[in-house]
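The values are calculated or read from the model by the stated rules, or taken from the named source; none is laboratory data. Quantities reported herein were computed from a predicted structural model and do not represent experimental measurements. Cβ atoms come from the backbone with ideal geometry, glycine included; neighbour counts cover every protein chain shown. With ligands, DNA and RNA removed, areas are computed over all heavy atoms of the protein, side chains included. Shrake-Rupley method; radii C 1.70, N 1.55, O 1.52, S 1.80 Å.
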Amino acid sequence: LICQFLLMPIMAYGLGYIFLESNYERLGFLFVGCSPGGANSNLWTNMFGGDIDLSVTMTFISTLFSFAMTTFWIYFLGTPLVAKHIQIPYIQLAVALGSLFIPVSLGIVFKRYQPQKAEIVKKYVSKPFFLIILIIFPTLAVYSNQFIFFLMTWRHVVCGVLLGILGYTFGAGLAALFCQNRGQIIAISMETAIQNAGIAYVALTLALKSPYNDIARLPMIAFILLTTGPMVFVFYAIHFIGKRVR
């Protein structure tokens, strides 16, 4: 929670003021920084061999806390940027909670009563399935937002990359400082840096009219594509090759 709702919002706000030129862009970037953890963090934690139980638990808790913490940061830092009330998408947050809680509960029941089949699914199905999902989502995002690349500048790219790197670094560093094991360090690092950007996307659509919501989404989309997409695939390729070499 310290990483998710203290470090990430402050870093997003600071990077926005240093690199971004428009207050609408800064608002969009702040929204990413104070969003809860996303489902992609659970998928990547599993791919890297991290503590998936911890990852899912943290996603649930951060989404629960986001009703208060996201509201606080947007009111405290976001409202002054555009001098208007920003509506938090509470329905979307509730949907995110349900979409996490229901399938996880079904999975727990399946593993409890069919442990052998659950192990087969875990060993032969889960990782290939997760990898396909993690390839499809960024590809669709790039295809449906091609126009963004004509508007994106080096400022958006730098902000997106730096926030991701700082999130991974501080999450892993703080976990190591508190003597967590390797699996837990991976889970906390992923959970810190990979946000549920869908919350921010919906909020900006509700709060701002075009073209201001498009301007606000520029650094957010840069963060999603660069930090939770290609960058993590590079990390995973290094991890996979290193694992094979060992």
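Out of all the residues in the range 56-71, which are out of contact with any strand residue (DSSP E or B) (no Cβ under 8 Å at 6 or more places or on another chain) and open to solvent by less than 20 Å² (accessible area, probe 1.4 Å)?
Ser66, Thr70 - these are the residues of the range 56-71 that are out of contact with any strand residue (DSSP E or B) (no Cβ under 8 Å at 6 or more places or on another chain) and open to solvent by less than 20 Å² (accessible area, probe 1.4 Å).
Considering (1) modelled with pLDDT of 85 or more; (2) more than 22 Å from Gly198 (Cβ to Cβ), say which one Val125 fails and leave the rest.
Failed condition: (1).
Do you know which of the residues in the range 197-238 that are among the hydroxyl-bearing types (Ser, Thr, Tyr) and part of a helix (DSSP H, G or I) is nearest to the chain's Cα centre (by Cα)?
Per the criteria, the residue is Thr227.
Could you tell me whether the range 72-87 includes any residue that is open to solvent by 90 Å² or more (accessible area, probe 1.4 Å), touching a Phe, Trp or Tyr at 6+ places or on another chain (Cβ under 9 Å), modelled with pLDDT of 85 or more and not basic (Lys, Arg)?
Yes, some residue in the range 72-87 is open to solvent by 90 Å² or more (accessible area, probe 1.4 Å), touching a Phe, Trp or Tyr at 6+ places or on another chain (Cβ under 9 Å), modelled with pLDDT of 85 or more and not basic (Lys, Arg).
Looking only at the range 161-196, which residues are open to solvent by 40 Å² or more (accessible area, probe 1.4 Å), closer than 15 Å to Thr59 by Cβ and in a loop (DSSP other than H, G, I, E, B)?
Of everything in the range 161-196, nothing turns out to be open to solvent by 40 Å² or more (accessible area, probe 1.4 Å), closer than 15 Å to Thr59 by Cβ and in a loop (DSSP other than H, G, I, E, B).
Give the residues of the range 197-217 that are within 19 Å of Leu162 (Cβ to Cβ) and crowded, with 24+ Cβ neighbours inside 10 Å, sorted by residue number.
Ala200, Ala216, Arg217, listed by residue number.
For the range 168-194, name all the residues that are among the β-branched types (Val, Ile, Thr) and under 15 Å from Ser41 (Cβ atoms).
Ile185, Ile186, Ile188, Thr192, Ile194
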